[in-house]
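The values are calculated or read from the model by the stated rules, or taken from the named source; none is laboratory data. Here the structure is a predicted model, which is why all the values come from computation and not from measurement. Using ideal geometry, Cβ is built from the backbone for each residue, glycine included, and neighbour counts are taken over all protein chains shown. Note: areas computed on protein heavy atoms with side chains; ligands, DNA, RNA excluded. Shrake-Rupley method; radii C 1.70, N 1.55, O 1.52, S 1.80 Å.
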Amino acid sequence: MAGIYIHIPFCKQACTYCDFYFSTSSKMVDELVDGLILEIKLQKDYFKESNNDVINTIYFGGGTPSIIKPKHLQNIIEAICLNYNVANEIECTIEVNPDDCSANNIKAWKEMGINRVSCGVQSFVDKDLIFMNRSHSANEAEGAIKRMQDSGVTNISIDLIYGLPNMNEKVWAANLNQAKNLEVTHLSCYSLTVEEKTVLAHLVKKQLVKLDEQAAARDFEYLMHWSAQNGFEHYEISNLCKKGFESKHNSAYWKGIPYLGIGPSAHSFNGNFRQHNPPNMFSYLKSLNENKSYAVQEHLSFTEKYHEKIMIGLRLSQGIAHADMQNYLDDKIAKHFKSTLNKHLEKNNIVNLNDNFALSNQGKLIADYIIQDFFIA
Ligand code: SF4
């Protein structure tokens with residue numbers, strides 16, 4: 001079992017909070033797609049060394065993959081099918097923005113085998129969308145979801161952001177209820193965070209915008225309560241789903257299943273080693289046109305592997321199996337791990353679930369602090 005991620009680094013406009021790798025110019029789309037296909041061919045043996053070379057998931061992320069032509073997406077999928085061992089039934093996801101969801105695009109995506117859509121809704125309130133500089137309105141988002149459902153796309157995830165300035169509890173509750181009423185099957189909910197070199201960072205620095213951490217914690221607490229009442233399983237700290245609609249692709253990342261990332265800024269893991277393409281489209285294309293991989297190898301130390309295990313495992317509702325954890329402990333780490341675990345068990349920040357340890361609801365509210373506490377300084 002393995003997955004392929006394709007990074008499409010183009011967006012119509014820059015959202016105020018976003019620090020992903022993307023360009024708002026579409027001049028290079030054709031060249032980039034040619035480059036992606038070159039990389040797909042060049043990396044065709046990437047999974048050969050692991051026992052997991054059957055591709056079960058493909059994920060188009062970005063950026064905004066929905067702004068490139070369906071023909072481009074189809075050429076990428078064909079290149080993957082020609083060069084990799086793709087299972088008959090796979091989960092194939094595309095991230096879309098609502099304003100790209102025309103009936104024609106939806107039909108084309110469906111015909112090429114895309115069977116899951118992750119839609120960047122972010123909010124059902126127009127004033128919040130304007131603040132975030134999103135390229136769509138709340139009406140367009142609702143229309144896009146209904147059009148997809150009418151076309152037979154039923155596995156739909158939406159992104160929602162909480163902790164927005166002046167967002168009160170009622171607005172957050174209304175956003176969640178609107179998602180439920182629209183019968184989406186998956187939600188990814190993120191707190192608005194200030195990333196360096198974004199418009200939001202500038203506004204906060206100039207004191208033109210103030211974020212309220214306590215309000216964000218209140219919204220997250222409400223999310224936990226709401227999910228339990230409304231039939232959504234809170235399976236990862238930022239992700240909720242109707243039964244059976246977990247993201248298979250993202251769940252594979254969290255379980256340590258190999259994946260190959262194609263495109264500038266994409267990351268890969270072959271079961272042993274990690275690599276990533278630096279975020280530079282021009283150098284990426286130059287390298288591939290010379291038939292050379294642009295990927296940089298990453299070697300994690302034993303301590304870094306332990307940190308990663310804690311960081312990923314504690315975000316999952318199932319937590320980390322005690323038995324599995326033993327592979328990440330040496331004498332020094334084991335002592336610190338054990339005392340930290342006991343401290344958080346005593347405080348009820350962590351609970352023991354059939355030999356797995358996981359964050360309690362109270363612990364989820366301070367997840368970043370607890371994760372840091374497990375780290376070796
Ligand atoms: S559309 Fe997505 S990737 Fe593009 S700027 Fe907005 S949040 Fe970032």
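Annotations
- Among the residues of the range 313-333, those that are under 30 Å from residue 263 (Cβ atoms) and open to solvent by less than 50 Å² (accessible area, probe 1.4 Å) comprise 313, 314, 316.
- When the test is whether a residue is of a type in the set (S, T, N, Q), touching a helix residue (DSSP H, G or I) at 6+ places or on another chain (Cβ under 8 Å) and touching a residue at least 24 places away in the same chain (Cβ under 8 Å), residue 50 does not pass it.
Per-residue answers, yes or no, for (1) open to solvent by less than 60 Å² (accessible area, probe 1.4 Å); (2) over 30 Å from residue 132 (Cα atoms); (3) away from the ligand (no atom under 16 Å from the Cβ):
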position	(1), (2), (3)
22	yes, no, no
39	yes, yes, yes
45	no, yes, yes
48	no, yes, yes
54	yes, yes, yes
58	yes, no, yes
63	yes, no, no
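- Of the helices (runs of 4 or more DSSP H) entirely within the range 70-143, those holding at least 3 residues that are of a type in the set (A, V, I, L, M) occupy 70-83, 103-111.
- Here residue 264 clears all of (1) part of a loop (DSSP other than H, G, I, E, B); (2) assigned by TED's automatic domain parsing to the domain that holds residue 189; (3) crowded, with 17+ Cβ neighbours inside 10 Å except the condition numbered (2).
Conditions tested, residue by residue: (1) surrounded by 15 or more Cβ atoms within 10 Å (Cβ to Cβ); (2) more than 16 Å from the ligand (Cβ to nearest atom); (3) within 26 Å of residue 37 (Cα to Cα).
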| position | (1), (2), (3) |
| --- | --- |
| 72 | yes, yes, yes |
| 86 | yes, yes, yes |
| 93 | yes, no, yes |
| 106 | yes, yes, yes |
| 122 | yes, no, no |
| 131 | yes, no, no |
| 134 | yes, no, no |
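- Remark: residue 100 falls outside the filter, which requires a residue to be over 18 Å from residue 11 (Cβ atoms) and acidic (Asp, Glu).
- Hits in the range 154-178 (condition: among the hydrophobic types (A, V, I, L, M, F, W, C) and in a loop (DSSP other than H, G, I, E, B)): 164, 167
- The range 8-19 residues that are over 14 Å from residue 266 (Cα atoms) and open to solvent by less than 40 Å² (accessible area, probe 1.4 Å), paired with ones that are of a type in the set (Phe, Trp, Tyr) and near the ligand (Cβ under 8 Å from one of its atoms) (beta carbon under 6 Å, 6 or more apart): 11/22
- Residue pairs meeting the criteria (Cβ under 8 Å; at least 6 apart or on separate chains; first assigned by TED's automatic domain parsing to the domain that holds residue 94 and aliphatic (A, V, I, L, M), in the range 60-74; second within 13 Å of the ligand (Cβ to nearest atom) and open to solvent by 10 Å² or more (accessible area, probe 1.4 Å)): 67/11; 67/12; 67/26; 67/97; 67/100
- For the range 149-171, the criterion of being within 16 Å of the ligand (Cβ to nearest atom), crowded, with 23+ Cβ neighbours inside 10 Å and within 22 Å of residue 33 (Cα to Cα) is met by no residue.
- Filtered residues of the range 1-19 (kept if in a loop (DSSP other than H, G, I, E, B) and either more than 10 Å from the ligand (Cβ to nearest atom) or more than 16 Å from the chain's Cα centre (by Cα) (or both)): 1, 11, 12, 13, 14, 15, 16
- Test: residue 31 is buried (at least 20 other Cβ atoms within 10 Å of the Cβ), under 21 Å from residue 286 (Cα atoms) and of a type in the set (Asp, Glu): no
- Count - residues of the range 352-371 that are free of Cβ contacts under 8 Å to residues at least 40 places away in the same chain, closer than 11 Å to residue 314 by Cα and surrounded by fewer than 18 Cβ atoms within 10 Å (Cβ to Cβ): 2
- Test result for residue 305, surrounded by 17 or more Cβ atoms within 10 Å (Cβ to Cβ) and in a helix (DSSP H, G or I): no
- A single entry from 220, 269 fulfils the requirement of being open to solvent by 20 Å² or more (accessible area, probe 1.4 Å) and of a type in the set (Phe, Trp, Tyr): 269.
- Residue match in the range 210-219 (condition: modelled with pLDDT of 95 or more and in contact with a strand residue (DSSP E or B) (Cβ under 7 Å, 6 or more places away or on another chain)): yes
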